[in-house]
Ligand code: PMT
């Protein structure tokens, strides 16, 4: 039995990894499976929330009772998040968003040229959705939660990222073989802009999701 502490609340969750097309057959992407975001969507629905799940390239089945909006690129993800955030009590960005995209899209498949070095791929910056939502707060009293997958100096980098992005909570998870990207399990510390630190031990991604919603519900009430 889940607590019904999100009853009557609208929440938006992003999940998965964006893909930035280079040509009709290639993209720049990342290893996010979407599992952590889907666990957040399922647990929020179980706690009574109306959930909009913005899913980037996950291939996972739609969770019951959740509105799923599929997207591909960071620009599409931004549009969907900004639109859904207008009426949301909380926005949780679990998606792994490409910071850059190829500057140009080749309408035809890029060919190798015999005996020549490949052309470099020029990149341009993508919008920072978490920073934008945190700055704009499309809905009054809205709570914004980010994620950070780090490989080194996890807590130091996490604190700096929390300040830079301007969100209320940042879930810092360390990249590892059996956690974070693609795994069924995760382990994290949830950092609060209020200075709080909530460690979540290694376990199913639902456990981390439930801890996040507990912290969100506490701060919304
Ligand atoms: O999907 P799984 O396989 O279950 O894996 C889960 C996960 C590892 C993807 C997830 O737990 C996680 O950590 N997601 C964030 C991944 C990440 O590295 O984020 P980041 O440090 O690049 O970005 C920090 C935050 O800013 C994130 O909330 C991200 O959604 C957001 N962001 C980043 C870049 C950008 N242009 N716009 C953003 O909104």
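Along the Cα→Cβ direction, 7 angstrom out, place labels at residue 72 and residue 87. What is the inter-label distance in nm? Spacing of the two 7 Å Cα→Cβ label points: 2.8 nm.
Computing Rg and the Kirkwood Rh from the Cα coordinates of region 2-133 gives a ratio, Rg/Rh, of 1.09.
Normalising the average separation of contacting C-alpha pairs (under 8 angstrom, six or more residues apart) by the number of residues puts the relative contact order of region 175-221 at 26 percent.
Mean-square fluctuations from a GNM of the chain, with a 10 angstrom spring cutoff on Cα atoms, peak among 16, 34, 65 at 65.
For region 110-194, rounded, prolate or oblate, judged on the Cα gyration tensor with a ≥ b ≥ c (square roots of eigenvalues), a/c < 1.5 rounded, else prolate if a/b > b/c? Oblate shape, in that a/c is at least 1.5 and b/c is the bigger or equal ratio.
Looking at the chain, the pairs of alpha carbons with a distance over 28 Å make up 28% of the total.
The relative contact order of region 72-149, computed from alpha carbon pairs under 8 Å that lie at least 6 residues apart in sequence, is 49 percent. Peptides 134-144, 171-181, 103-113, ordered by how many other C-beta atoms sit within 10 Å of their residues on average, highest first, read 171-181, 134-144, 103-113. Centre-to-centre separation between the Cα atoms of region 121-174 and those of region 15-40: 18 Å.
Measuring nothing but how far apart in sequence close Cα pairs (under 8 Å, 6+ apart) lie, relative to its length, the chain scores a relative contact order of 20 percent. By other beta-carbon atoms within 10 Å, ranking 194, 207 with the fewest at the front produces 194, 207. Counting only DSSP beta bridges with both residues in the chain, the antiparallel share comes to about 40 percent.
Read the figures in this text as sums done on the coordinates, not as results from a lab. Here the structure is a predicted model, which is why all the values come from computation and not from measurement. Positions of Cβ are backbone-derived with ideal geometry, glycine not excepted, and every protein chain shown enters the neighbour counts.
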